[in-house]
Amino acid sequence: MDRETTGRYSIEDFIKNTGEKDLGQGVFELERDRLLEVNLNGMVWTKRGSMVAYTGDIKFIREGVLEHGLGKLVKKSLTGEGVSLTKAEGQGKLYLADEGKKVSVLKLENDSIFVNGNDLLAFEDSISWDIRMMKKIAGMMAGGLFNVKLEGTGMIAITTHYDPLTLQVTTGYPVFTDPNATVAWSGDLEPEIKTDVSLKTFVGRSSGESVQMAFKGEGFVVIQPYEEVYFQAQT
């Protein structure tokens, strides 16, 4: 019986099979499905608390209270800890993860994308960003219904519980999603909140059936097979 069937490895085999590998993918590399490697030579923004290891000379600086201006400060105060960023500066290899969630790396080329604030792991300094709040929301739990618009040219990393699914939105064929399972969408889409009051009353709380995000136009929506938080919408 060999080690493939027993699951047992010598220390040498274990190091060989689990060791870091240079994949040559650029600044952001998927070292594992749930582990992002950043080949740092300068600065990137990361989700606070996402660093699991690093090598080289890297400093971590918590973003300043007014670093992004008064407008973003007000928005961030509404999201609580949902959009809390740390600057990683220097040279070396930085490893990021977020509660074992799967990591996806996207390269923006003069593009824009909205990402749920809970699902943004890292982005390059060349990317501009702003916090957006969904309208017609009265109350929320565990982070709230807010998102971050990222635009420009550079790499970003997002996270999902399990494998993401991307749905195409086309004219005349809208897509409706559960806000709790919605991760990201293209920057030219402006989702609306749709509520079913009778179903909400029947269920007894807001859910993916009673509160929905409606995407109309041309673009895409990324969802995950997991409901991350609960929302309560205005009726």
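Some observations on this one:
- Close pairs (9 angstrom Cβ cut-off, 6 or more residues apart or separate chains): within 26 Å of residue 57 (Cβ to Cβ) and surrounded by fewer than 17 Cβ atoms within 10 Å (Cβ to Cβ) in region 88-108, basic (Lys, Arg) and at pLDDT 95 or above anywhere: 89/59; 90/59
- Cβ-Cβ under 8 Å pairs, at least 6 apart or on other chains, region 130-158 side on the phi > 0 side of the Ramachandran plot, far side of a type in the set (Lys, Arg) and modelled with pLDDT of 70 or more: 154/107
Results for (1) over 23 Å from residue 150 (Cα atoms); (2) modelled with pLDDT under 95; (3) in contact with a strand residue (DSSP E or B) (Cβ under 6 Å, 6 or more places away or on another chain); (4) hydroxyl-bearing (Ser, Thr, Tyr), shown as yes or no for each residue.
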residue	(1), (2), (3), (4)
186	no, no, yes, yes
191	no, yes, yes, no
200	yes, yes, no, no
205	yes, yes, no, no
208	yes, yes, no, no
216	no, no, no, no
222	no, no, yes, no
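- Pick from region 9-52, criterion in contact with a Lys or Arg (Cβ under 8 Å, 6 or more places away or on another chain) and aromatic (Phe, Trp, Tyr), ranking: nearest to residue 96 (Cα to Cα): 45
- Of all residues in region 158-180, those satisfying the criterion of being under 10 Å from residue 116 (Cα atoms) and touching a Gly at 6+ places or on another chain (Cβ under 8 Å) are 179, 180.
- The residues of region 162-197 that are surrounded by fewer than 19 Cβ atoms within 10 Å (Cβ to Cβ) and assigned to a strand (DSSP E or B), listed by number, are 165, 166, 167, 168, 170, 173, 176, 192, 193, 194, 195.
The values are calculated or read from the model by the stated rules, or taken from the named source; none is laboratory data. Remember, predicted model here, so these are calculated numbers, not experimental data. So basically every Cβ, Gly included, is an ideal-geometry build from the backbone, and we count neighbours across all protein chains shown.
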